[in-house]
Amino acid sequence: MVQLSFSRIVKLRVTPLFLIYFPMVLHNPEVNLSSSENIHDERSGSFDHPFHVSVCDIVYESDEKHLKISLRMFLDDLEEALIAYTGDDDLDILNYENVPEIDKALGHYLSENFSIGTGRKELAYVYLGGEIEVDVMWCYIEIEKLKPFKSISIENTIFFEIFDDQENLVHVRKDGKVRSVRLTKGKSRNTVEWE
């Protein structure tokens, strides 16, 4: 169960998308960053990108018992997903801050495509909202009063309905120790463990 709350925004910028994914792009012979295919999209104001990826950073400190989650997604991908999700062809993600219905739809979309759990229990989280930064959207989620855990399961199916090559990178930092997983359409759920 997901509770929607727009009362506060928590900024978590543990790992910038560029620093995580750019080295992979540089070494991928199928990606040509100088290609004319990478053109400016006048409608969204962003540039097409040669890959489909989201990045999720999860931070947990046992003494605080507070799980903080930030999701970073390309604006054009998010807009396409929300148009498909809502059926509203006029949805413009750049109006995010002025149209509360977009944030509400985004919160519902996340609740259907992102889940997290410890043991066999799915955790209820609070969607705090988001913010636009250049050509990406940051979305913030939190879980308060979470007892320490030895493993955590993440399911992230964001954009799988629109892109077959979508990859969702997840980085979990628990008490300073980081575990990372790559979720794809064929494997949208994974569990990370600590000793």
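The values are calculated or read from the model by the stated rules, or taken from the named source; none is laboratory data. Note that this is a predicted model, so its numbers are computed, not measured. Neighbour counts run over all protein chains shown; Cβ positions are idealised from the backbone, glycine included.
Before moving on, here are some points about what is shown:
- Region 76-87 - residue that is in contact (Cβ under 8 Å) with a residue 12 or more places away in the chain and more than 11 Å from Leu106 (Cα to Cα) and, of those, surrounded by the fewest Cβ atoms within 10 Å (Cβ to Cβ): Ala84
- Considering region 168-193, the residues that are touching a residue at least 12 places away in the same chain (Cβ under 8 Å) and more than 17 Å from Ile158 (Cβ to Cβ) include one that is surrounded by the most Cβ atoms within 10 Å (Cβ to Cβ), namely Lys174.
- Check on Glu97, at pLDDT below 95 and more than 18 Å from Tyr127 (Cα to Cα): no
- Among the numbered conditions (1) at pLDDT 50 or above; (2) assigned to a strand (DSSP E or B); (3) among the polar types (S, T, N, Q), the only one that Gln3 does not meet is (1).
- When the strands (runs of 3 or more DSSP E) confined to region 43-144 are screened for residues that are of a type outside the set (D, E, K, R), closer than 19 Å to Leu183 by Cα and under 18 Å from the mean Cα position of the chain (by Cα), those reaching at least 2 such residues are found at 53-61, 66-74, 114-118, 136-144.
- Every pair of residues 6+ apart whose Cβ atoms lie under 8 Å, when the first sits in region 141-164 and is farther than 28 Å from Tyr85 by Cα and touching a residue at least 40 places away in the same chain (Cβ under 8 Å) while the second is part of a loop (DSSP other than H, G, I, E, B) and hydroxyl-bearing (Ser, Thr, Tyr): Pro148/Ser62
- Of all residues in region 167-194 being over 22 Å from Ile143 (Cα atoms) and out of contact with any Leu (no Cβ under 9 Å at 6 or more places or on another chain), the one that is modelled with the lowest pLDDT: Gly186
- Segments classed as strands (runs of 3 or more DSSP E), wholly inside region 146-195, with at least 3 members that are within 16 Å of the chain's Cα centre (by Cα): 151-156, 167-174, 177-184
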